[in-house]
Amino acid sequence: MQTIYDLNMKQMEEMLASLGQKSYRAKQLYSWLYRKRVLTFEEMTDLPAALIAQLRQNYCIMPVELIEKQVAKDLTAKYLFRLQDGSTIETVLMHFNFGKSVCVTSQVGCNMACTFCASGLLKKQRDLTAGEMTGQIMFVQKELDSQNARVDNIVVMGTGEPFDNYDHVMDFCKVVNSDHGLAIGARHITISTCGIVPKIRQFAEEHYQYNLAVSLHAPNDEMRRKLMPVAKAYPMDELMGALKKYSEENHRRLTFEYILLKGVNDSSACAVELADLIRGMNAYVNLIPYNEVDENGYRTTDEKSALRFYDVLMKHGVKATLRTKHGDDIDAACGQLRAKHERNKTAS
Ligand code: SAH
């Protein structure tokens, strides 16, 4: 059954009109869903009983069901959810000093096949709907409600490639960003892409104010192709061209994500090459410690080399942050918990 979280405000108004209802009911419904955060239609006491019955017939509210939750010592929480068709997905809650961030999954599995990533171990089965992404946020927000806390930031950095599911991801962002929805500011929503150039161009043209992060992970095509097959379809010069267009048109600062892999992309020479590549762009580099995955041979760069890489970037005029690890003691690598769950399912 479709979740009512799928509907952005306009779609909600259209749906209600088709049931012969006035458009103000859409705001009422939004308020019940995203302010009062009820999980049944029966609780929406100012709606007519006939409408409640129709809504119940056509929609569910919460589309995700918790299978397992792991909490790390630093309180990073990883949720393994079941969707209504039985697919499983992961969502992560991280506690930063700038607020609580939720990392959202956008697809069941992923087809991008980055060689270092656990998500790609399971091929894409389908795209998530907008409501299935909103559901992940609402589930975590309902938990936070009991602590009087809220989801401050959203990162679309879970399993999947958001720009391979563009329309649903944009609809999801509209709902959580809407003043009538969760009212999470556009600057607090980040979409991370592996570099699907036509969609970056579309995103630039549509002037969305969400933050854009790009998984770069290598300073040149040769190295990037080995790590990320998407680089074969969209080479570096095309990618950089699209990103420059985005920066110019939107006056927004870009984030480049760069996982430090021991002996692969972490040399000083790589840092210099990276600095040359992006110098002058309105961008900074987020250096990410690698979460090791059993299935491949990649190793995390040691702290000393990570700091050296960071220093070289700074010396060459490129701003960077060196992220600390979160949820080290749980299956925190993208797709790791789900991959384990799916393996156990086939084994049993
Ligand atoms: N497909 C999108 C979003 C999902 S991946 C993208 O590629 O950006 C989110 C980020 O996590 C990407 O930068 C990805 O490269 C990184 N990542 C994947 N596996 C990782 C691992 N084991 N350790 C650290 N980062 C990882």
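We did not get these values from a lab; they are worked out from the coordinates using the rules stated. Every value quoted in this text rests on a predicted model; they were computed, and no experiment measured them. Cβ sites come from the backbone with ideal geometry, for glycine too, and all protein chains shown count toward neighbours.
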query = Most fluctuating residue of ASP145, ASP85, ASP266 in a GNM of the chain with Cα springs under 10 Å: which is it?
reply = ASP85
remark   = To the nearest 0.05, the calculated FRET efficiency linking ASP85 and GLU292 through their beta-carbon distance, R0 being 41 Å, is 0.85
request  = Could you tally the net charge around ALA231, taking each other residue with its Cβ under 12 Å from the Cβ of ALA231, Lys/Arg +1 and Asp/Glu -1?
outcome  = 0
task = Would you kindly state how much longer the chain becomes between ALA17 and GLN2 on full extension, computed as 0.36 nm times their sequence separation minus their alpha carbon distance, in nm to one decimal?
result = 3.6 nm
ask   = Of all DSSP beta bridges located in the chain, what percent are antiparallel, nearest 5?
value = 45 percent
task = In a Gaussian network model over the chain where Cα atoms closer than 10 Å are linked, find which of PHE96, PHE256, PHE116 has the largest mean-square fluctuation.
result = PHE96
ask   = Any idea what the dipole of segment 4-58 comes to, in debye rounded to 20, about its Cα centre with Lys/Arg Cβ at +1 and Asp/Glu Cβ at -1?
value = 160 debye
query = Short version: what are the Cα gyration tensor semi-axes of segment 65-347, square root of 5 times each eigenvalue, largest first, in whole Å?
reply = 28, 22, 19
key: Two-decimal log10 I(q)/I(0) for segment 4-58, as the Debye equation yields it once each C-alpha is a single scatterer, q = 0.21, 0.30 Å⁻¹   = -0.73, -1.60
ask   = Once the Cα atoms of helix 9-18 and of the chain are each reduced to a long axis, what angle between those two axes, in degrees from 0 to 90 to the nearest 10, is obtained?
value = 30 degrees
query = For segment 61-102, what are the per-bin percents of Cα-Cα distances with bins 5 Å wide, up to the bin holding the maximum?
reply = 6, 22, 26, 19, 14, 9, 3, 0
ask   = Shape of segment 1-99 from its Cα gyration tensor (a ≥ b ≥ c, root eigenvalues): rounded if a/c is under 1.5, otherwise prolate when a/b > b/c, or oblate?
value = prolate
query = Once a ≥ b ≥ c are taken as the square roots of the eigenvalues of the Cα gyration tensor of segment 251-292, is the result rounded (a/c under 1.5), prolate (a/b larger than b/c) or oblate (a/b not larger than b/c)?
reply = oblate
inquiry  = Need one word for segment 139-181: rounded, prolate or oblate. Basis is the Cα gyration tensor (sqrt eigenvalues a ≥ b ≥ c); a/c below 1.5 gives rounded, then a/b vs b/c decides.
reply    = oblate
request  = At a Cα cut-off below 17 Å, give the lysines reachable from LYS226, other chains included and same-chain residues fewer than 8 away excluded.
outcome  = LYS262
query = Which value, in debye to the nearest 20, describes the size of the charge dipole of the chain about its Cα centre when Lys and Arg Cβ atoms bear +1, Asp and Glu Cβ atoms bear -1, and nothing else is charged?
reply = 300 debye
key: Spin-label pair MET314/LEU39, simplified geometry with 7 Å Cα→Cβ offset, distance in nm   = 4.6 nm
The chain - mean residue ellipticity at 222 nm from DSSP helices (-39,500 (n - 2.57) per run, n ≥ 4, rounded to 500) = -11000 deg cm²/dmol
Signed unit charges on C-beta, dipole axis of segment 13-166, positive-most listed residue THR88, VAL38, ALA130 = VAL38
request  = Mind checking which lysines have their Cα closer than 30 Å to the Cα of LYS27? Skip sequence neighbours fewer than 8 apart in that chain.
outcome  = LYS10, LYS36, LYS100, LYS142, LYS174
request  = Report, ordered by chain and residue number, the aspartates and glutamates lying within cross-link reach of LYS304, taken as a straight Cα distance under 12 Å and ignoring same-chain residues fewer than 8 apart.
outcome  = ASP266
remark   = In degrees, nearest 10, the alpha-carbon axis of helix 166-177 is tilted away from the dominant principal axis of the alpha carbons of the chain by 70 degrees
Relative contact order (%) - criterion: Cα under 8 Å, at least six apart; region: segment 65-347 = 18 percent
request  = Within the set of other residues whose C-beta is less than 11 Å from the C-beta of LEU144, count the net charge using Lys and Arg as +1 and Asp and Glu as -1.
outcome  = +1
key: Most fluctuating residue given options VAL156, VAL38, VAL285, as computed from a GNM of the chain linking Cα atoms under 10 Å   = VAL38
key: Within segment 214-232, backbone nitrogen closer than 20 Å to the virtual label 7 Å beyond the Cα of GLU249 toward Cβ   = 214-215
query = If you stretched the chain out fully between ARG56 and TYR24, how much longer would it get, using 0.36 nm times the residue separation minus the C-alpha to C-alpha distance?
reply = 9.6 nm
